[in-house]
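The values are calculated or read from the model by the stated rules, or taken from the named source; none is laboratory data. None of the values given here were measured: they were computed from a predicted structure. Virtual Cβ from ideal backbone geometry, glycine too; neighbours counted across all protein chains shown.
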Amino acid sequence: MPRTIAFALAAVSALALSAPALADTLIDNVDGVTIDADGKVKRFTGLVFDDEGKITQVLAREDKRPQVDYRLDGKGEVMIPGLIDAHVHVMDMGFAALTLDLSGTTSLEDALATIKAFADANPGRPWIIGRGWNQEKWGLGRFPTAAELDAVVADRPVWLERADNHANWANTLAIQTAGVTAKTPDPDGGKIIRDAKGAPAGVFVDKAVALVAKVVPPPRPEERDLAFAAAQDVMLAKGVTAVADMGTKPADWTTFRRAGDEGRLVVRIMSYADSIETLELMAGGEPTGWLYDDKLRMGGIKLFLDGALGSRGASLKEPYADDHGTRGLPLLSPTQLRNLMSRAAMDGFQTAVHAIGDAANAEVLSAIEELSESYKGDRRWRIEHTQIIDPVDIARLGQHGVIASMQPLHQTSDRLMAEARLGPDRLDGAYPWRSVLKVGGKLAFGSDAPVEPADPFAGMAAAISRTDASGQPFGGWFPEETVSRETALAGFTADAAYAGFAEGRFGRLLPGERADFLLIDRDPLFASPEALRDTKILQVWIGGKKVREAK
């Protein structure tokens, strides 16, 4: 094992094992904020937890302090529950931190220079792997090409994932290595972007990505362990103490289990498998129990119904305003969707369906309506992203316990693209957070990291303002869809836990739940959007253990 990998893993192990949970600990003199069992804001000044890291008392200022083994002074800092990201890709986040990052590039020329510099600095890498490019952000007006990549790296295959995870950019050598030619047909649910002669031009959309991905060397177990350590570091730095991992592959699950067995699993993971086969292989005939003191559970499946707006893969009821020749790429037929949802539901697994376009959202809502007749009880059907809804379908989000799992930063990043893709007359149902609540629906907030940063405070700022980090657009984009600060905090704590069947275990600072909390330098219920984005995280605690402290 390389020395850098061994050192990183040792550091994570030391973090996880450095201090056992304290027995009967009181953290007093805090400005505590949580969401209570009724969904209301609860204020408190002291928190008591036991040697299992579970909360035993939440104390108001006037309450008598109990006798405890350890008493810590919170110094008047703000305490909130540990933040939960309801939609991430854990291993992608880790690999993104270790490979070529194009998310900050602002033009094609900038990206090509970054790629060349990375390749020059890493001559021993047989493939140049990376992610984060976005031709819309570059103002390119088209997809980049293999020839443009060849101009900076031609001696090794290059394979770069788009920011939305729904398209990849390859150089000529990568395409040739995969054996893709002009004669290769587009797969169902995928598209090869072609040149004037019909040859692959360099970009592969949705299910066409697999045509090249199949020849990319898979990471070794030690590389996966390092990527997982990097992902945990990214999350903890932003105060994220629990996540829903969307699309867990078998190798991802074994990486999480290996971390749990070795004491390196710090962040809590609610796992949604990438396929029925993974569910059967890893979980068996029913959701797993909560493992490693509520750190890991596979309780559901992630399904893809369409692609993304940026690559024009989102499935729309009407053609794209900027490309009248397409309505997107449906990735499952209506029958396939219902069969997969039913197959998971019959064994008690939760379904989380990726749906971005209005046609995809209408289809999954229809499937939920039909399946709810057969599968009674508390199913908590999830729709991931729920970005573009036909206004006629919004009321359906308040039925059958549907959870709209949405990512506030997508709205600020995608608004100009959404305007171009849909046109001005089809935006009434775009990112409709408050409308979901008005019809009785439920929200859970996340980031889709690494598509967006795993930064809940930036997410809260976007949710309450509909503006980006520079305050644009003035007054907010469709400001009638903002939510309250209390709703934003709940979306990243109690409601995100509920969306993963984790309520009662973590997500709120209440007796019986895990003592997962942050100490921060400001109250999120009074901070402006700008101040929220600048929140400083002073300490991170998970299960009664301090796992991170600001230097």
### Task
Specify which of the listed residues (Arg466, Arg505) is in contact (Cβ under 8 Å) with a residue 24 or more places away in the chain, basic (Lys, Arg) and at positive phi.
Arg466
### Summary
Filtering the range 32-80 for residues that are under 17 Å from Lys545 (Cα atoms) and of a type in the set (A, V, I, L, M) leaves a count of 7
### Cross-chain or 6+ apart pairs with Cβ under 8 Å, the range 396-418 first and within 21 Å of Asp455 (Cα to Cα), then among the acidic types (Asp, Glu) and in a helix (DSSP H, G or I)
none
### Message
I'd like to know if the range 524-540 contains one or more residues that are assigned to a helix (DSSP H, G or I), of a type in the set (Gly, Ala, Ser) and closer than 20 Å to Asp378 by Cβ.
### Response
no
### Query
Could you count how many residues in the range 123-179 are in a loop (DSSP other than H, G, I, E, B), among the charged types (D, E, K, R) and touching a strand residue (DSSP E or B) at 6+ places or on another chain (Cβ under 7 Å)?
1
### Message
Of everything in the range 449-463, what is assigned to a loop (DSSP other than H, G, I, E, B), in contact with a helix residue (DSSP H, G or I) (Cβ under 7 Å, 6 or more places away or on another chain) and of a type in the set (A, V, I, L, M, F, W, C)? Give them in sequence order.
### Response
Ala454
#### Entry: Residues (buried (at least 20 other Cβ atoms within 10 Å of the Cβ), touching a strand residue (DSSP E or B) at 6+ places or on another chain (Cβ under 9 Å) and among the charged types (D, E, K, R)) located in the range 185-232
Lys191, Asp206
### Task
Filter the range 379-430 down to residues that are part of a loop (DSSP other than H, G, I, E, B) and of a type in the set (Val, Ile, Thr) and give me whichever is farthest from His324 (Cα to Cα).
Val402
### Task
Read through the list (1) touching a residue at least 24 places away in the same chain (Cβ under 8 Å); (2) surrounded by fewer than 23 Cβ atoms within 10 Å (Cβ to Cβ); (3) of a type in the set (A, V, I, L, M, F, W, C), then give the number of the only condition that Phe474 fails.
(1)
### Summary
Those strands (runs of 3 or more DSSP E) completely within the range 40-102 that have 2 or more residues that are crowded, with 23+ Cβ neighbours inside 10 Å are 41-49, 78-81, 83-88
### Query
Which is closer than 27 Å to Leu532 by Cβ and at pLDDT below 95, of Asp414, Asp448?
Asp414
